[in-house]
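Worksheet: one structure, shown below.
The values are calculated or read from the model by the stated rules, or taken from the named source; none is laboratory data. These numbers come from a predicted model, not from an experiment. Here the Cβ positions follow ideal geometry from the backbone for every residue, glycine too, while neighbour counts run over all protein chains shown. Remember, those area values only see protein heavy atoms, side chains included, never the ligands or the DNA or RNA. Shrake-Rupley method; radii C 1.70, N 1.55, O 1.52, S 1.80 Å.
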Amino acid sequence: MTESSPLRHTGVANLPPLPADFRAFHQLYRPAYVRWAELYLGGRPEAEEVVDHTFEQLAAEWQEVLSLDSPAGHAWATLKHRTLEATRARGLRPVVMDNAAFETQALHGAADPVGELEESLRIHQAIRELPERQHDVIVLRYCIGYSTAETADILGISVPGVRSTARYARHRLKEALGLTLCEGAEDDEEALDGGDGGGAAGGARGGVGRRDGDDAVQP
């Protein structure tokens, strides 16, 4: 996550001057939050509005946030709550825009686009039925394309926690889709994660189009 923008005051609270640690937190996490919200709201301006309101709420209660065991986890929960509220206010379903699964190079160039479409629909349904934490990990890892370390930073959990959650989610998706997990596939993925650098500041890589869960899910 490398891009950011100044925090815009949009009327949530009359905030005092922002402390340096909050400004650093905002700069680090805002890009990922915008990318997440944009998946659900379908537009960048709408996503930025929700994210800015999220950060204003966090700023207003910043000292309390810092006293929590996982400030990043609390911030993530706040973002998801506000994103869900925004989707409902706009009359949207609280799931990633369905078109995201179909606007892929694989589908456009497929020899059997109807078959690819049916497969995408099956993946959508399987991911929607995942538990919430597994949802979040699959979205951040396989749809948006963050590394394991970056996903851990964003969610406010440990790297082993992300790997374990991803492993359970992948097994669950493969079972739901009637696919066979190749022996050693999980180990290969963790080996790749071992070299992807540290932390959410490392920048996201696009990563869609996997059979094992490339869509995003309800916040």
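Answer yes or no: is there a residue in region 31-44 that is among the aromatic types (F, W, Y) and either assigned to a loop (DSSP other than H, G, I, E, B) or at pLDDT 95 or above (or both).
yes
Which one of these is modelled with pLDDT of 90 or more, out of contact with any strand residue (DSSP E or B) (no Cβ under 6 Å at 6 or more places or on another chain) and open to solvent by 40 Å² or more (accessible area, probe 1.4 Å): Q125, Q134, Q105, Q63?
None of the other options fit; the residue is Q63.
Does region 62-78 hold any residues that are of a type in the set (S, T, N, Q) and either more than 11 Å from F22 (Cα to Cα) or not in a helix (DSSP H, G or I) (or both), and which are they?
Matches in region 62-78: S67, S70, T78.
Scan region 157-178 residue by residue and report those that are open to solvent by 30 Å² or more (accessible area, probe 1.4 Å) and either in contact with a Phe, Trp or Tyr (Cβ under 9 Å, 6 or more places away or on another chain) or among the hydroxyl-bearing types (S, T, Y) (or both).
Passing the criteria: S158, S164, Y168.
Examine region 85-102 for a residue that is closer than 25 Å to R172 by Cα and at pLDDT 95 or above, and state whether such a residue exists.
For region 85-102, residues closer than 25 Å to R172 by Cα and at pLDDT 95 or above: absent.
Can you pull out every residue in region 17-60 that is surrounded by fewer than 17 Cβ atoms within 10 Å (Cβ to Cβ) and without any contact (Cβ under 8 Å) to a residue 40 or more places away in the chain?
Selection gives P17, A20, R23, A24, G43, R44, P45.
Could you grab me the full set of residues in region 120-166 that are in contact (Cβ under 8 Å) with a residue 24 or more places away in the chain and hydroxyl-bearing (S, T, Y)?
Within region 120-166, S120, Y142, Y146, S147, T148, T165 qualify.
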